[in-house]
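The values are calculated or read from the model by the stated rules, or taken from the named source; none is laboratory data. Here the structure is a predicted model, which means the values were calculated and not measured. Here the Cβ positions follow ideal geometry from the backbone for every residue, glycine too, while neighbour counts run over all protein chains shown. Calculation scope for accessible area: heavy atoms of the full protein, side chains included, ligands and nucleic acids excluded. Shrake-Rupley method; radii C 1.70, N 1.55, O 1.52, S 1.80 Å.
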Number of protein chains: 4
Amino acid sequence: MTVTVLAYDTAHPGDTADLAAKLAPFAPERIRKLALLVKTEGNADVNDYSREYGLLSATLALEAKGGPALVARSTFLFSTGCEGAMTPFGYVFIDQADEGAPAAPGGRALAMGCARSRSLLPHEIGRMAHAEIAAATVEAAMRDAGVTRDEVALAIVKTPVQSFQKATVPVDQGRRVTSGHAKAVGALGAGIALGEIERGRLVESDFDADHALHARRAMVFSGAELDCVEVLLLANKQGAAGDLTIHTGFMTDMLDGGAIRRTLAEAGCRLEDGVVVDPAAVVAMLLKVGISPDGRLRGRRTTIRSSHIDMDKHVRAAVSGIVGSILGSTRTFISANTVHQAPPGGGICACIVAPRT
Amino acid sequence: MTVTVLAYDTAHPGDTADLAAKLAPFAPERIRKLALLVKTEGNADVNDYSREYGLLSATLALEAKGGPALVARSTFLFSTGCEGAMTPFGYVFIDQADEGAPAAPGGRALAMGCARSRSLLPHEIGRMAHAEIAAATVEAAMRDAGVTRDEVALAIVKTPVQSFQKATVPVDQGRRVTSGHAKAVGALGAGIALGEIERGRLVESDFDADHALHARRAMVFSGAELDCVEVLLLANKQGAAGDLTIHTGFMTDMLDGGAIRRTLAEAGCRLEDGVVVDPAAVVAMLLKVGISPDGRLRGRRTTIRSSHIDMDKHVRAAVSGIVGSILGSTRTFISANTVHQAPPGGGICACIVAPRT
Amino acid sequence: MTVTVLAYDTAHPGDTADLAAKLAPFAPERIRKLALLVKTEGNADVNDYSREYGLLSATLALEAKGGPALVARSTFLFSTGCEGAMTPFGYVFIDQADEGAPAAPGGRALAMGCARSRSLLPHEIGRMAHAEIAAATVEAAMRDAGVTRDEVALAIVKTPVQSFQKATVPVDQGRRVTSGHAKAVGALGAGIALGEIERGRLVESDFDADHALHARRAMVFSGAELDCVEVLLLANKQGAAGDLTIHTGFMTDMLDGGAIRRTLAEAGCRLEDGVVVDPAAVVAMLLKVGISPDGRLRGRRTTIRSSHIDMDKHVRAAVSGIVGSILGSTRTFISANTVHQAPPGGGICACIVAPRT
Amino acid sequence: MTVTVLAYDTAHPGDTADLAAKLAPFAPERIRKLALLVKTEGNADVNDYSREYGLLSATLALEAKGGPALVARSTFLFSTGCEGAMTPFGYVFIDQADEGAPAAPGGRALAMGCARSRSLLPHEIGRMAHAEIAAATVEAAMRDAGVTRDEVALAIVKTPVQSFQKATVPVDQGRRVTSGHAKAVGALGAGIALGEIERGRLVESDFDADHALHARRAMVFSGAELDCVEVLLLANKQGAAGDLTIHTGFMTDMLDGGAIRRTLAEAGCRLEDGVVVDPAAVVAMLLKVGISPDGRLRGRRTTIRSSHIDMDKHVRAAVSGIVGSILGSTRTFISANTVHQAPPGGGICACIVAPRT
């Protein structure tokens, strides 16, 4: 197993020209599995269909590349929102069969695992069954990657949300599972699988309520376009081939640029005056950061929770500036809402780096 | 002349409680002049009246403090938009009569000058007369401060824009003076007054067109609520009393956190790991940054000019993250659109600092 | 008692020039009470301060007209949102002392009553105490008008909502009283006072839940800018002077233009081809209409509940077209959200008409 | 030639289930040509990709139905914006080979013609060449339908706009062809083809400037997703088979419900109390309405041109109420911006009706 990570740009959510170009050197039959982690642009509101459009377009592109079989071996994780200093783009993770390739010199290298659950029943979404399925899917992805729990660096989880539009019967607005609640449940499930939340102790009344409970190596997304849980798991695996490694850090709040710099430094990147000296060594950068429940930051009021612009957009745009000023790049996968993925207002960052000579 | 700079918070645009509290120690009769530089929250769109509401509320507060006479000695500069990691707040600049106060030890200290032009006629707005009036008003503010052109650190200029709503006759949409155009003309006028743009060479066809022309020490705002040019000029004046100084720096683009750090360092602030060690020494921080005409940043596409969110909001939010991660504070006055105030995509930052023992 | 109703336009929310002009003929000492019912323009979102700005401006205008005493005799009801074919404007209701004026020829004429409750305590808002206070305030307004319950045509109720920004302690998002919930409670209170909802049967679990319960002569608004319940009550009072009368009708849904036409016809207006022949006889027109919980209309899906635009804006704009096409005027007070003020998806309309010779 | 017109609903822009169901009875080989006229939901702003998503999905659906050959015989006209009382839906126009079918009893019946121009060169867009190509494409559609100019009831024209995102070189914002300008040029071209604008007299300086020039039977749309002009032309053709006819009317402004009623009445629909008695007879209803340049309506100010919501959304929502209250249906194709398609502020409406026994 050798994992390659490439970034590709999109001129619009339906654009797959650069994806196709980046995939061109890879023979489809040698791709054991593939994952797309994509930021699409759109208004990121209930009537934004850029994610569905991007998903359909990417599926057609992979089908053109390797037929339905390649699509069946692929995982699609699309997230909307490219505000501020962010470029709409995608990462493609390619796991190639490289029998006989030597293990990474450092002993460990980037490995990936993918898994997809059965379809959730409408009444399961947002409930304990949902959390258990999320946990089982993360565990399946660990098995797929062939890694231990300790080797896991990041579980990227997509989890379904009960869609207003898809509901065939009028949904009581009050009991509707929100996107935030779906993420909460998915994160708790991931935390259980990763051993960060005690399995037997979790009760439904903790969901999106007891925020002391949180995973430490999960980024969770939700979407009305899927009815199952999907996981892309990234780990540093003993004996894997390839020269990439992944490193995870924790941000105390959205202004915690120091945590980003420390994570990069621990990954082996050199920084001068707070800026990465060799940005090309950073193959991928992912952040997920939240805002405290009262919308305050470093003790002062912000408008993040009290403006016409959804709070996630404020967060993504502000964080895009911070990481952009450190990396000198606008190609970072930034997401907001860290419910049960970090303490309230905190965040998680991860970088995949290649050694540079 | 001793200038004091204080920050005050607002719970909403009409809130003046903290302003009144911060002004309480100052006897109105000893205030020679006063200026408010305020960030109000609102949607920052054509139907946002938070600025007018804030202006009316602040005027009533100053009237309650020192009667119409204090209002007459005051300058009001309100700017909308507190996206991202920004706190809605204001700076109050107070110039006190301090006869006999010793000059600053370093020889120079912060001085302020204020000026206001006559009302512009509707046909003047956006034309050469507008630029000339802006230049003359900056020059009047220099005289008011008693400073030379070289001593000027920053001219904050507010300039009128032809309002759609105030037009008594239907305005041809095509010939309407936009907010951006009004800023452009105000900036060119400021550049002339500050000796950065050659007075005799400017022609109307350069307005918002020849972007090689730009001031270097001006931040320009526009507003439909005023019909004249207003200036708050800040300088380091030889022989002034007080211990504050102001320092200006130039950003090559919105991700240029290095420029912010250099400006702070030149002002005497100590930074460790890219973060200011003693943020309380930074009495005020002001930034104005733009985005290149094609919306690209560091060579890559952004959605700053191609989303449903106005580009200035993207910029303010992203920059709020950068400066917030450096200062550890959300109290920074951040504005976007640097037409003729910096090269395209560039910016300007300024800090007022107090010595710390 | 003679009630006069006048409409005045606003160039922006802070504009009171036309209000002052319309009030000019009225000697302040002869104004027994006064009420303003105003539609302000703004984004109608959490960071829209147009209502507060309008309220402050109108208060200053009334103070300029008749001092604090006139302000104390005045009721202010401001509602945001002028989408579609709607003009930002206000109605001013003036109750003049006209001792000896003959009673209306028809026996009944428009009367007005105003009342304001004590400040609600934070823990009361949204609870049974809130409903009881709303009921008591409507009853106080009935006494103020000197009318029986049967004479009441319309109770316009403003009710407080727990503001996120005003909260001094961090508010649990989940337990926050929403604007919709505050309206629900206010409407139930009004329904009790008007005898349309059985007083002893109401329980808190019905609030915004049992939508079979609803008032029939109430329009309820909420606002974070007030902490008490305010009521403007309109009635056709036996023995009142003046020539105005008010008529109320019920709309089955937002497309029910027939109900608007029937209400106008019952008020004595002549219609031809579905259009009012003498629109000047319609002194005031007020509508409040909702959308069904599933967002469907006449059996089909709409985007009213599933777009980035708040549902109330969709409703106001659509209804402005209907009533505008009937009245030939854009000066109608249109509001959305009829929770407990009509059956789900239904609405209420009211017109005040003057006899025309 | 027999034209059938069917409406189909969409649960979201990518949903083609009802389209497929409505097409099921039609054998692909008997479909001579097909056109889709669709309203997609989305934010209708620059970052709304619902139209592109809908277009891709519909193309895949037609390909599944009749292969690439059916797609090649099809015309796709997608328009975004379903605000207010509007259902996201599409009309499918099917022209079937019905050799030997008797001509319509009334002598004339609905006929359709489709045409598509060559790709426009970037420098042609917005210029005279663009207008000429639009005219030629409307003429080609007339030939395709086999109708005379007098038989034409409506030319639905889609015209390209220079996209910011697709520009390979940075586009000067000032010289960018806006959507409004592209529509203006397309409308002038259609007006020439239909004999409503004098061909030899048109000059480029009239484009979006001399609004006295306008077509009378055109609805024009623009889109960045196409680079050619496409036309769907509808006519009442002498000797055509089928029982549908189309009728066009003119609205003086967006509140002109009378014009809608008159058009329906002329088409043979019976109205009572301003409402259509047999709405099922109205097979299709299309409206395009504008707002005057000063944003005033019936002499009063509106916020249509001075709010954060784009003016087209205000117009569509208001008009959806009017037509919905007349038809009792939310399935109407409503569009805004009638530049050169009607006098400023005016509009056009069209209905396709079937005889009812």
For segment D:95-143, enumerate the residues that are part of a strand (DSSP E or B) and in contact with a helix residue (DSSP H, G or I) (Cβ under 8 Å, 6 or more places away or on another chain).
D:Gln96, D:Arg108, D:Ala111, D:Met112, D:Gly113, D:Cys114, D:Ala115, D:Arg116
Please state which one of B:Gly257, B:Gly239 is closer than 26 Å to B:Arg296 by Cβ and touching a Gly at 6+ places or on another chain (Cβ under 9 Å).
B:Gly257
Between a first residue in segment B:55-73 that is in the same structural domain as B:Phe89 (by TED's automatic domain parsing) and a second residue that is at pLDDT below 95, which pairs have beta carbons less than 7 Å apart while being 6 or more apart in sequence or on different chains?
B:Leu55/B:Glu225
The conditions are (1) open to solvent by less than 40 Å² (accessible area, probe 1.4 Å); (2) modelled with pLDDT of 95 or more; (3) within 14 Å of chain C (Cβ to nearest Cβ), and D:Gly274 fails exactly one of them. Which is it?
(2)
Are any residues in segment D:109-139 open to solvent by 30 Å² or more (accessible area, probe 1.4 Å) and either touching a Lys or Arg at 6+ places or on another chain (Cβ under 6 Å) or aromatic (Phe, Trp, Tyr) (or both), and if so, which ones?
none
Does segment A:277-298 contain any residue that is modelled with pLDDT under 95, touching a helix residue (DSSP H, G or I) at 6+ places or on another chain (Cβ under 9 Å), open to solvent by less than 40 Å² (accessible area, probe 1.4 Å) and not basic (Lys, Arg)?
no
Assess whether C:Gly324 counts as being within 12 Å of chain D (Cβ to nearest Cβ) and either in contact with a Leu (Cβ under 7 Å, 6 or more places away or on another chain) or at negative phi (or both).
yes
Please state which one of A:Gly249, A:Gly258, A:Gly195, A:Gly268 is among the small types (Gly, Ala, Ser), part of a loop (DSSP other than H, G, I, E, B) and not assigned by TED's automatic domain parsing to the domain that holds A:Met142.
A:Gly268
Which of the following residues is without any contact (Cβ under 8 Å) to a residue 24 or more places away in the chain, closer than 18 Å to A:Cys82 by Cβ and open to solvent by 10 Å² or more (accessible area, probe 1.4 Å): A:Ala44, A:Ala11, A:Ala24, A:Ala7?
A:Ala11
Looking at C:Ala85, C:Ala97 in this structure, which one is under 27 Å from C:Thr148 (Cα atoms) and either within 14 Å of chain D (Cβ to nearest Cβ) or touching a strand residue (DSSP E or B) at 6+ places or on another chain (Cβ under 6 Å) (or both)?
C:Ala97
Quick one: would you say D:Thr16 is open to solvent by less than 20 Å² (accessible area, probe 1.4 Å), in contact (Cβ under 8 Å) with a residue 40 or more places away in the chain and within 14 Å of another protein chain (Cβ to nearest Cβ)?
no
Could you list, ordered by first residue, the pairs with Cβ atoms under 6 Å in which the first is in segment D:295-313 and under 21 Å from C:Ser307 (Cβ atoms) and not assigned by TED's automatic domain parsing to the domain that holds D:Glu41 and the second is basic (Lys, Arg) and part of a loop (DSSP other than H, G, I, E, B), at least 6 apart or interchain?
D:Met311/D:Arg305
Selection over segment D:1-47 where residues are part of a loop (DSSP other than H, G, I, E, B), at pLDDT 95 or above and touching a strand residue (DSSP E or B) at 6+ places or on another chain (Cβ under 7 Å) yields a count of 4
Taking the criterion of being in contact with a strand residue (DSSP E or B) (Cβ under 7 Å, 6 or more places away or on another chain), at the interface with another protein chain (Cβ under 8 Å from one of its Cβ atoms) and more than 25 Å from A:Gly90 (Cβ to Cβ), would at least one residue in segment A:257-266 satisfy it?
yes
Counting only residues that are of a type outside the set (Asp, Glu) and either closer than 23 Å to D:Gly81 by Cα or crowded, with 22+ Cβ neighbours inside 10 Å (or both), segment C:249-258 contains a total of 4
For segment B:219-247, which positions are touching a Lys or Arg at 6+ places or on another chain (Cβ under 8 Å) and within 19 Å of B:Ala129 (Cβ to Cβ)?
B:Val220, B:Ser222, B:Gly223, B:Ala224, B:Leu226, B:Cys228, B:Val229, B:Glu230, B:Val231
Does D:Gly54 satisfy being in contact with a Ser or Thr (Cβ under 7 Å, 6 or more places away or on another chain) and of a type in the set (Gly, Ala, Ser)?
yes
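Matching residues to (1) without any contact (Cβ under 8 Å) to a residue 12 or more places away in the chain; (2) under 30 Å from B:Ala11 (Cα atoms); (3) surrounded by 20 or more Cβ atoms within 10 Å (Cβ to Cβ):
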{"site": "C:Phe207", "(1), (2), (3)": "no, no, yes"}
{"site": "C:Gly223", "(1), (2), (3)": "no, yes, yes"}
{"site": "C:Asn236", "(1), (2), (3)": "no, no, yes"}
{"site": "C:Gly239", "(1), (2), (3)": "no, no, no"}
Taking segment B:48-79 as the region of interest, how many residues are part of a strand (DSSP E or B) and open to solvent by 20 Å² or more (accessible area, probe 1.4 Å)?
1
Can you find a residue in segment B:311-318 that is of a type outside the set (A, V, I, L, M), open to solvent by 20 Å² or more (accessible area, probe 1.4 Å) and either assigned to a loop (DSSP other than H, G, I, E, B) or within 7 Å of chain A (Cβ to nearest Cβ) (or both)?
no
Complete set of residues in segment D:192-205 that are open to solvent by less than 50 Å² (accessible area, probe 1.4 Å) and at pLDDT below 95
D:Leu202
